[in-house]
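The values are calculated or read from the model by the stated rules, or taken from the named source; none is laboratory data. Note that the coordinates shown come from a computational prediction; the quantities given were computed from them, not determined experimentally. Cβ placement follows ideal geometry from the backbone for every residue including glycine, while neighbour counts extend to all protein chains displayed. For accessibility, only protein heavy atoms count, side chains too; no ligands or nucleic acids. Shrake-Rupley method; radii C 1.70, N 1.55, O 1.52, S 1.80 Å.
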Amino acid sequence: MLSDVRVLTAPASDTSSIPSVLLQIGADKYLFGVGEGTSRASAQRRANISRVANLFLPRISFDALGGLPGTLMTLADGNRQHVAIHGPQNLAHTMATMRFYTKRDTMKMEIVEYPFVSHQAGTSEKRPFFQDDNLAIHAIPLLPHGFLASDSHTAHLEEGTRTSTEARSSEGASSKRQRVRSLSADAPLDLAKAPWSDPNWRPSRLRGPNVDLWVKAITEDMFSHRGIHQAQIAENGNRVDLDVETSNDRATRPKTPAFVTHPLPPPRLAPVPPPANSSFPDSDPSIVGDQAPSLAFICLGHSQRGKFDPVTATAEGVSPGPDFARLTRGEVVTIQRPANWHELERSVRERWIKENRLKNAKSKAQGKRKEKGKKKGDEDAAAVEPPSEWGELVSVEIQPDQVLGQSRAGPVFFYIHLPSKAYIPSLLSKKSTEAFKPFTEISNGTKSVEQRLNPHVIIHAVPIQVFQDQRYQRWMADFGSSCHHVVANHDVCRDELMFPSAATIQLRLSKMDSRIFQLPRYELEPLVPLDKGMGDCQVRGIPAEVDMQIQLQPRGEPSRLDSGAPRLDFEPLSKQAEEFAAFENGSLGTSEGRNGAEANNATGKARLESARKKAWVEYVSLAESIRNEIEEIEKSATGQSDPNLEGLILTPLGTGSAHPSKYRNVTSTLVQTRSDGSFLLDAGEGTYGQLRRKFGKSRSATSTTTKTEDDPVPTQPDVDDVLRDIKFIFISHIHADHHIGLSKLLLERRKLDPPPKHPLYVIGTSFVLTYIREYDAIESLGLDDSGVAGVQLIDNFYIDWRKTQDDTSASSNADRYGADDRVALAKLVDSMGFEKFGTVKVVHRGSHCYGITMTHRQGWSLVYSGDTRPCQELIAAGRNASVLIHEASLEDEEIGLAISKGHSTYGEAIQVAKEMRARNLLLTHFSQRYPKLARISNSSVTTTKTNSAKYEGIQDGGDHVGKGSDGRERKDPVVALAFDLVSYPASELWKVEKYTAAMEQLFAADIEDDAVVGGEEEEKKEKGSATAAAADQGGKASLHKDEGKGKAEVEAKDERENCSSKENVSHPLGNPPPNGQQVGEETKNSRGTRDTQETGSSSSKQRE
C-alpha cells in the first residue's frame, strides 16, 4: 500500500518549533504535532486534513498543541464524526481547560493518554499505543534526567498540587465550604446524579480518581453526538432562553459538564518546579514550568502478505474459487481431498481440481438462481455428487503461508521529540533501547530487503544542542545509512514564509508606499548549517522544509510537493521580486488562482493572468498619482499631521474573523506609544508568530535588521524588545479567534532575558481569566512569578468605563468586589500615562463581550470595539476619539447575516465612527469570504449621506468630526483598511485612506474570482446548515432553520467564534467573589444574586 510522510509545518517565525507532520497510508491520514498555525497551513498548502482521524501529541506543551482547538473545529466542520487524540498524561485535563471555547456537537472526541505514573512504577508496555488496519504505533516515554529516580515527585503528583486558582481561594474558608470540600474530595463522584446541579458543589475540591472522572465527563461533553444544544431543555419541555436576563441563577444552571464554569481541580501532573524546590535538582532549567513527559512514536505499518501462488495451491488440492480468495486474504481454509492425495497421479489430481472447479461454478450459478426465486428442490437435483473412484475423503487445513510468497515488511517511520539534552539519558535507557532494537541496522543486517524494518524516515523535533550531542548522533547512526533524518528546529531550518499568500499582498502594496507596507521578514539560509557539529557522524541529515514529502512505500527520496503556494525564494529588493509582484514569469501560483475547475483550465488561467497584469499596470499608475497628491497635501499649510498622534503606531497582526486563512490571520492588533510602552488588543492563534515575523529576532536567522562591525546591536527592536515593552493585553471575549494566542505570548515572555522591568496586565472576561489560571496549572504562564515582571489579571467586569472615567483608583467604587482588579488598573493607568481607561460592554453573541476606551495624557484617545453590532454604549464611551478600531466583518449587502451573528457591516462601522465623532477609523476583523480585499467603496455610507435609521441603534452624528490625521477639517472620519503585519502611523491613516482606490484597482481582477470561489466553497461545505434570523431591538440574535433563501444564509465556515456564543448577562462566573474567595463561587452583593454558570450553546455547523 502506498504511504508517505509530509511536513505540513516546519519551524519558522510564524509556526511552532514542533513540526506538524502528516503520515498517509492509503487513503487514511495521521497527524503528529498540532502546533499553532496547523489549520492555517492546511489551507495555505492545500493539505486536506478531513481524513485525519487520529492526532498524536509528543508532549503536553503549547508548542505541540497550540493549534489543536482550531484543528478540531475544522475537522468537525468538515463533517468528520470521530477523532481520537493520543498523547501523554494530562492531555484530557488540558482539553478540559478549553471547554469555554472549543465545542462541537457533531463529532465525537476520544482521548487516549499514555500513563506516565505506571511507567514510573516500572511496568513495561509492549502492546501498541495505537493500532488499526494500517499500522501499529508504539509510544516510548521519555523523561528528563532526575525524574526516573524521583518516587517522591510521583507521589506528590498523584496526590495533586495547589494551583494558583485554588491558592487564591484558600483564605477565609467558611465551615460551609469546608463541608463542601469534604464531600467533593472524599465521596465517590456519581455523575449519574449530576452533582454540578448542586449550587454548593465545587469540582476544584476533587482528588484522585474523581479528577479523572470529572475531566472525562467534560471532554466527552465538549465533543459528542448527543447535540449539546438538545440537552438545554427545561423541565416543562421548553428550551431555556440562555440569553434571558434573570436574577434566578437556577434557571440557567448548566445541564451538562462542559458548561460548568467552576474551576477545575488540580491536574494529576504538575509542571516541573525550579531545582531549588525539587527532588531532582539536576534537571534542565530550560524545562522548568513545563510538563516533563515526552513521547517518541514508532510507526510500523503492517507487513504485506506475499504474492499468492496458484500452482502451489492447486498442488495442495485447493480448487480455484472462493478458497483462493480466502487464502489471498491470509485466512486458513479447510478443504476435502482424497486421503492418498499426494500418491495420486498428476493427471488424476488435475481431474479432481477440474471437477471441483466445475462444482464451485455450478454452486455459484445455483446461488444466483436461488436469489431469483428458484426452488430449493431444483437446486438439490442439480448438485453433483463426488465420484466414488476418489476413495476416502479427508478434511485438511491449508495455511496461508503454504501458498503465499514471502511477506514484505511495512513502512517504518519515527517521530522523535526531545525538549532538551536532559532527555538523552532516557532515550538511551535500557527500556528505550529494547523498544528501538528491532529497527536498528544490527537487527536487520542479515534480513532480505523485503523483510528489513529499518526506519526510512525519522523526524527529529529536537533543539540544535540535542542534535549536535555525540550521544544522540551515535543513536541516530544505529538505524543505518539509508535512513533519512529530517531535523526540525529554528537553527537548521531556514525561516521561510509559512503563509506566503499573505506576504504577496504586502509585496505588491509596498510598490505603493514602501515605508508603510513592508514585506514580512524571512531568510533564504539557515542560521546554522546542518553539517556543523556533526563530526564523523555519517547520517543523511536534512533540514525540515514545509511541503517536504518522502515516500515510505515504495521507498523514495525527499522531494518538495507542489502545493500551489507561492514561493518567495528571492531577495525582497531583487529583480525577481519585481517580476513576481508584477505577475511576470509565471508568478501566478495555483493557490492564488481560481479554486474551481477554471483554475486548472488553461484558458481560464490565462484570462485571469492577463487581467492581473492589466490591473497591475493601472495600479502602478494610480498609485503614483496618489503619491503625488499626498506630497502636495504635505507641502500645504493644512496638511500637517495631528501632533497628538505622533509616535502612536498601529500594527494589525491579524485582521480576519473566525478562522485563519492563507491571506489573513485571526484578530490581534499591536499598539505602540511614543514612550509609554505598548499593548495588544486581542490575541488570536498565531499572534506571537506574527510578532516574530514582523519584527524578527536579532539572535536568530529571522532578523533582517542591519548590523555593522562598529554597531553589532540592531538599531530597530526585535520581537523580544517588542514583547518586553508590552504592558497589557486586552481580550474582548472568549471566542477562540480572539484569545488562543495569549498562552504563547505569556510563555515566550517568561523566557525573556533580561526579563521585563514591569508587570504584564491581562484584561479579559472571567471565562478568559479562568482558562488562563487553569492552563497555568499545566504549563507555567507567569501568574505566580515573583518580582516586578509577573502577570496580573484584571476582570473586564470591574473596570467598566462609567466607573473609571472620573477616577481609576481602587477607592473609586465602594463596591468591595473587584477591588484587586481596580488596584491593578490604577497601577497600569499610571504606568501607561492614561487619563481615562475603561471597558465597554458591547452587543455581540452573548453578554460578556467588551470593547475598551482610553485617553492618553499626550492628547490622543483610542477606542477598540471588539466584536459587536453598532453599539450606543461604545459611541458614548468613545466620543471624540482620535482613533477608532472597529470590526467590519461584512459588506453592507450582508446586513441580515451581520445581525444574526452579532457583527457590523462596513457601513455600520463607518456610521458608528461618524456618530462617535471619531477622527480616524481603522476597519478590521473582515470575514474570510473576502480573502484579499472587500470593496469598501460599495458601502453606501462612503458614497452618500445615508439615513442613519437604516443602521440598528445609530443616530445621525452630524456633518463634522473635526480634524483628521491629515490636519484638515473633515465632515467624515478618515477610513483606513487594515492588513496583516502592516504598521500604520496613526498620524498617517489619511494616507492609507487615499491608497484605498489603488488597492481596489490592484485586486480588481481578484474580486469576482474570490467571490465566486468563496461562494462555491461555502455552498459546498455549508449546504443544509443553520441560517440566520433577524435580531430583536435589543441586539440579541436568535438562530433558526432557514425557511427561505438569500444573502443572509449562515455559512458555518465563516465563523470560528462558536463555542461560548451565548452567555448570561451577569458576571459569567457568578456573583463577583470577595477578596480571597474562589472565582466562580456564589455570593451576594448590592447587585443581588447572580447566575454562576456559562450557558453557551454550540451548534453543529456554526463558527460562533
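So in segment 775-804, with the set limited to residues that are within 24 Å of the chain's Cα centre (by Cα) and part of a loop (DSSP other than H, G, I, E, B), which one is surrounded by the most Cβ atoms within 10 Å (Cβ to Cβ)?
ALA777
Go through segment 719-739 residue by residue and tally those that are in contact with a Gly (Cβ under 8 Å, 6 or more places away or on another chain) and open to solvent by 10 Å² or more (accessible area, probe 1.4 Å).
Residues in segment 719-739 being in contact with a Gly (Cβ under 8 Å, 6 or more places away or on another chain) and open to solvent by 10 Å² or more (accessible area, probe 1.4 Å): 2 in total.
Please determine whether any residue of segment 392-412 is without any contact (Cβ under 8 Å) to a residue 24 or more places away in the chain, over 35 Å from the mean Cα position of the chain (by Cα) and assigned to a helix (DSSP H, G or I).
So the first thing to find is which residues in segment 392-412 are without any contact (Cβ under 8 Å) to a residue 24 or more places away in the chain, and the list is 401.
From what's left, over 35 Å from the mean Cα position of the chain (by Cα): 401.
Those left that are additionally assigned to a helix (DSSP H, G or I): 401.
Checked segment 392-412: at least one residue is without any contact (Cβ under 8 Å) to a residue 24 or more places away in the chain, over 35 Å from the mean Cα position of the chain (by Cα) and assigned to a helix (DSSP H, G or I).
Only one residue in GLY87, GLY70 is of a type in the set (Gly, Ala, Ser), out of contact with any Cys (no Cβ under 9 Å at 6 or more places or on another chain), part of a strand (DSSP E or B) and modelled with pLDDT of 85 or more. Which one? Even if it seems obvious, please write down each step before you answer.
Working: GLY70 fails: part of a strand (DSSP E or B).
Sole residue among the options that is of a type in the set (Gly, Ala, Ser), out of contact with any Cys (no Cβ under 9 Å at 6 or more places or on another chain), part of a strand (DSSP E or B) and modelled with pLDDT of 85 or more: GLY87.
If you take the residues in segment 826-838 that are out of contact with any Phe, Trp or Tyr (no Cβ under 7 Å at 6 or more places or on another chain) and of a type in the set (A, V, I, L, M, F, W, C), which one is nearest to ILE794 (Cα to Cα)? Lay out the reasoning, then the answer.
Taking segment 826-838 as the starting set, the residues that turn out to be out of contact with any Phe, Trp or Tyr (no Cβ under 7 Å at 6 or more places or on another chain) are 826-827, 830-837.
Right, trim to of a type in the set (A, V, I, L, M, F, W, C) and you get 826, 832, 834, 837.
Numbers: ALA826: 11, MET832: 16, PHE834: 16, PHE837: 13 Å.
Taking the candidates together, the pick is ALA826.
Looking only at segment 747-773, which residues are closer than 19 Å to ASP290 by Cα and open to solvent by 10 Å² or more (accessible area, probe 1.4 Å)? Even if it seems obvious, please write down each step before you answer.
Our first condition is that a residue be closer than 19 Å to ASP290 by Cα; within segment 747-773, this holds for 747-753, 755, 771-773.
Hits for segment 747-773 are LEU747, GLU748, ARG749, ARG750, LYS751, LEU752, ASP753, PRO755, ARG773.
Which count do you get for residues in segment 405-434 that are open to solvent by 10 Å² or more (accessible area, probe 1.4 Å) and under 23 Å from ARG471 (Cβ atoms)? Don't jump to the end; show me each part of the working.
First pass over segment 405-434, keeping only residues open to solvent by 10 Å² or more (accessible area, probe 1.4 Å): 405-409, 411, 417, 419, 421-422, 425, 428-431, 433-434.
Cutting the leftovers down to under 23 Å from ARG471 (Cβ atoms) gives us 417, 419, 421-422, 425, 428-431, 433-434.
Of the residues in segment 405-434, 11 are open to solvent by 10 Å² or more (accessible area, probe 1.4 Å) and under 23 Å from ARG471 (Cβ atoms).
Give the residue, chosen from VAL768, VAL722, that is more than 20 Å from the chain's Cα centre (by Cα), assigned to a helix (DSSP H, G or I) and of a type in the set (A, V, I, L, M, F, W, C).
Working: VAL768 fails: more than 20 Å from the chain's Cα centre (by Cα).
Of the residues listed, the single one that is more than 20 Å from the chain's Cα centre (by Cα), assigned to a helix (DSSP H, G or I) and of a type in the set (A, V, I, L, M, F, W, C) is VAL722.
Tally time: how many residues in segment 23-52 are under 25 Å from ARG567 (Cα atoms) and assigned to a strand (DSSP E or B)?
The qualifying residues number 4.
Taking into account only those residues within segment 11-62 that are touching a helix residue (DSSP H, G or I) at 6+ places or on another chain (Cβ under 9 Å) and on the phi > 0 side of the Ramachandran plot, which is modelled with the highest pLDDT?
Step by step, filter segment 11-62, then rank; the result is GLY33.
Would it be correct to say that VAL272 is modelled with pLDDT of 90 or more, part of a loop (DSSP other than H, G, I, E, B) and not aromatic (Phe, Trp, Tyr)?
On the way: modelled with pLDDT of 90 or more: no; part of a loop (DSSP other than H, G, I, E, B): yes; not aromatic (Phe, Trp, Tyr): yes.
Taking the combined requirement at face value, the residue does not satisfy it.
I'd like the full set of residues that are in a loop (DSSP other than H, G, I, E, B) and of a type in the set (Lys, Arg), limited to segment 618-665.
LYS662, ARG664
Go over the candidates LYS447, LYS437 one by one and state the one that is part of a loop (DSSP other than H, G, I, E, B) and either among the β-branched types (Val, Ile, Thr) or open to solvent by 30 Å² or more (accessible area, probe 1.4 Å) (or both).
Numbers: LYS437 fails: part of a loop (DSSP other than H, G, I, E, B).
Only one candidate passes the filter, namely LYS447.
Could you name every one of the helices (runs of 4 or more DSSP H) located completely within segment 455-539 that has at least 3 residues being within 26 Å of SER16 (Cα to Cα) and under 32 Å from the mean Cα position of the chain (by Cα)? Write out each step before concluding.
Values: elements: 464-467, 470-477, 500-509.
In segment 455-539, the matching helices (runs of 4 or more DSSP H) lie at 464-467, 500-509.
From LEU680, LEU691, which residue is hydrophobic (A, V, I, L, M, F, W, C), assigned to a helix (DSSP H, G or I) and modelled with pLDDT of 95 or more? So that I can check it myself, show each step before the final result.
Working: LEU680 fails: assigned to a helix (DSSP H, G or I).
Answer to the check: LEU691.
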